[in-house]
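What follows is a set of notes on a single structure, which appears directly below.
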Number of protein chains: 2
Amino acid sequence: MLKAERHKFIMTKLVEEQKVVTTDLALALDLSEDTIRRDLNELDNKKLLEKVYGGAILVTENTSDVFNINISGEEEKKQIVAKALSLLHDDQVIIMSGGSTNLVFAKLIPADLKATIYTYSLPIAMQLSQHPNIDLIFIGGKMQKNAMVTIGMDVIQVVSKIKADICFIGASSINVKQGLTEIGYEISIVKKAMIEASDRVVSMFSSDKLNTKMPHVVCDLKQLDTIVTNLDPRDPSLEEYRKSGVFIL
Amino acid sequence: MLKAERHKFIMTKLVEEQKVVTTDLALALDLSEDTIRRDLNELDNKKLLEKVYGGAILVTENTSDVFNINISGEEEKKQIVAKALSLLHDDQVIIMSGGSTNLVFAKLIPADLKATIYTYSLPIAMQLSQHPNIDLIFIGGKMQKNAMVTIGMDVIQVVSKIKADICFIGASSINVKQGLTEIGYEISIVKKAMIEASDRVVSMFSSDKLNTKMPHVVCDLKQLDTIVTNLDPRDPSLEEYRKSGVFIL
DNA sequence: TCAAAATCTGCATTATTTTGCGTGTTTTGA
DNA sequence: TCAAAACACGCAAAATAATGCAGATTTTGA
């Protein structure tokens with residue numbers, strides 16, 4: 001058995017059982033414990049696992065790297081955005097705001113979609129730069145650091161000149177009375193401009209955003225064409241939203 | 001049996017069994033282990049398999065994540081860019097081009113530096129969005145996908161209006177006669193604009209870029225104020241560059 | 001067609017890597 | 001605190017690789 005095979009074996013067992021024990025591995029692979037220890041040290045150096053006294057455990061998520069974006073509730077978000085894939089067609093002009101839900105959406109966009117996408121979110125642009133058939137335009141401006149999006153007059157100016165078929169807007173908060181609201185003033189302005197520029201407005205969010213509010217109004221419910229949540233469209237908690245005329249996916 | 005046939009045989013066996021062992025192959029094909037090893041080295045160079053001690057295994061496709069940026073020779077690049085840290089001061093206006101060397105530089109910029117930085121590279125902007133004291137401005141435009149930078153007229157227009165104290169330009173190729181040259185026309189234009197906009201022009205690169213050339217000229221050696229390489233500034237291979245009046249760090 | 005050049009292959013030699021074992025140290029848990 | 005378990009380190013044997021060289025084979029170009 002090759003060393004590389006052994007390493008694979010160890011990694012597989014590690015993921016399956018959350019941990020590996022040096023003595024068990026030595027027995028299972030019929031090798032000395034020293035060899036196993038050396039293997040574990042190597043894998044530890046490569047940051048593939050964390051060696052501990054007696055064996056090794058899975059590496060704990062490393063949040064210090066900017067490029068390692070941690071999306072909370074990624075699985076749920078995948079289910080939400082999957083519903084919206086049917087809204088995509090070839091040759092559309094699309095605007096995408098920031099937010100982790102939109103990032104998950106960007107990941108799921110099919111590789112053969114031919115479209116033009118405008119965005120002002122760094123992670124979303126990075127993700128979309130994978131897609132060979134998408135014309136990607138980044139809207140520049142001053143960076144809002146934590147959200148990793150550009151904001152300000154530069155962004156507004158560019159957005160207001162776009163004629164888009166559809167826009168995907170992340171939502172901080174939504175309720176029947178105020179509609180879509182945001183915590184930041186500048187972001188709310190940018191989103192207003194996005195809505196103005198687009199024929200169809202889509203917002204995707206999980207149901208815990210429902211019936212909450214933030215200081216800065218983006219738009220009325222009426223201005224949204226479609227909302228996409230994790231709930232069944234006929235769910236009673238969406239009753240009032242349905243009444244307001246929004247299409248619910 | 002032709003070598004090409006052998007390679008096919010090896011690849012087939014590899015896919016079937018997940019691994020191949022040098023000695024087995026030598027036996028099966030009735031050839032010396034040396035020949036098999038040479039074959040495996042060739043296939044490894046073509047990235048068709050991964051040679052390991054004792055044989056070879058399938059290549060693991062780890063590159064699927066956009067956010068997992070692989071910087072070749074990162075350690076060497078760290079040493080290069082560390083020399084350039086002394087050029088940074090509070091309250092400077094800085095322009096940074098793309099490239100992995102500049103990305104490494106961005107990582108090493110001290111957290112307490114107060115400055116304004118313009119860039120048109122997604123990874124560099126992501127990295128700098130970490131820094132609490134930097135005013136970060138992203139220069140928007142059409143994305144060039146593989147390099148993850150914006151290009152085109154939008155970029156030129158913004159850059160040409162900046163008045164920067166210093167700019168850091170990545171280099172594809174440099175030589176004494178043509179100066180800085182680039183493989184892409186559009187990138188060369190953007191870099192020209194950067195140089196125009198900056199009081200001081202700095203270029204960082206490893207010595208293997210020295211004495212090479214690409215189709216599109218960016219600028220003369222004279223227009224560079226400072227170059228930073230992995231070599232000692234007094235290294236003989238930098239002699240001609242020194243003569244041309246560039247400051248070498 | 002033929003000779004020179006390029007390529008392929010195996011062998012011998014040398015270098016490197018892997019592995020188990022002995023020895024001494026560190027960690028663990030009662 | 002103490003004994004057992006786990007570990008680290010150096011060493012040596014075995015396995016595997018790299019390298020130079022020579023003979024064989026193929027390709028090239030006149």
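The values are calculated or read from the model by the stated rules, or taken from the named source; none is laboratory data. Computed from a predicted model, the values in this text were never measured in an experiment. Ideal geometry is used to build each Cβ from the backbone, glycine not excepted, and the neighbour counts take in all protein chains shown. These area figures cover heavy atoms from the full protein model, side chains too; ligands, DNA and RNA do not enter into them. Shrake-Rupley method; radii C 1.70, N 1.55, O 1.52, S 1.80 Å.
Give me the one-decimal Kirkwood hydrodynamic radius in Å for region B:100-205, with the sum taken over alpha-carbon pairs.
Computed over region B:100-205, the radius equals 14.3 Å.
Using only the alpha carbons of region B:3-57, what is the convex hull's orientation-averaged projected area in square nanometres?
For region B:3-57, averaging the hull's shadow over all directions gives 3.1 nm².
Kindly state, to the nearest 0.05, the FRET efficiency for A:N70 paired with B:E76, given R0 = 22 Å and r defined as their beta-carbon distance.
Plugging the Cβ-Cβ distance into 1/(1 + (r/R0)^6) gives 0.10.
Given springs between every Cα pair under 10 Å in a Gaussian network model of chain A, which of A:L180, A:L40, A:L88 has the largest fluctuation?
A:L40
Sorted from largest down, give the three principal axis spans of the alpha carbons of chain A, whole angstrom values.
69, 40, 34
Mind listing, in residue-number order, the residues in region A:116-135 that have at least 20 Å² less accessible area with every protein chain present than in their own chain alone (1.4 Å probe)?
The answer is A:L122, A:M126, A:Q127, A:S129, A:Q130, A:D135.
Give me the Debye-computed log₁₀ of I(q)/I(0) at q = 0.06, 0.07, 0.11 Å⁻¹ for the protein assembly as shown, equal point scatterers on Cα only, no solvent, two decimals.
Scattering profile of the protein assembly as shown, log10 relative to I(0): -0.38, -0.52, -1.09.
With r as the distance between the Cβ atoms of B:S237 and B:D30 and R0 = 45 Å, compute the FRET efficiency 1/(1 + (r/R0)^6) and round to 0.05.
Calculated value: 0.35.
Three principal axis extents, largest first, for the C-alpha atoms of region A:1-119, in Å?
61, 30, 22
For chain B, take the longest principal axis of its alpha carbons; what is the angle in degrees between that and the long axis of helix B:3-17, to the nearest 10 within 0 to 90?
It works out to around 90 degrees.
Between A:V217 and A:N41, what is 0.36 nm times their sequence separation minus the Cα-Cα distance? Round to one decimal in nm.
Additional length available on full extension: 57.9 nm.
I want to verify a result. In a Gaussian network model of chain B, Cα cutoff 10 Å, which of these has the top mean-square fluctuation: B:R38, B:R200, B:R234?
Sorting by GNM fluctuation, first place goes to B:R38.
At A:D34, with labels set 7 Å past Cα in the Cβ direction, how many nm apart are the copies from this one, shortest first?
3.3
Skip the ligands, DNA and RNA, and give the accessible area per residue of chain B with a 1.4 Å probe, whole Å².
For chain B, the solvent-accessible area averages 50 Å² per residue.
Restricting attention to region B:64-137, which chymotrypsin sites (Phe, Trp or Tyr not before Pro) occupy a DSSP loop and are surrounded by at most 16 other Cβ atoms within 10 Å?
B:F67
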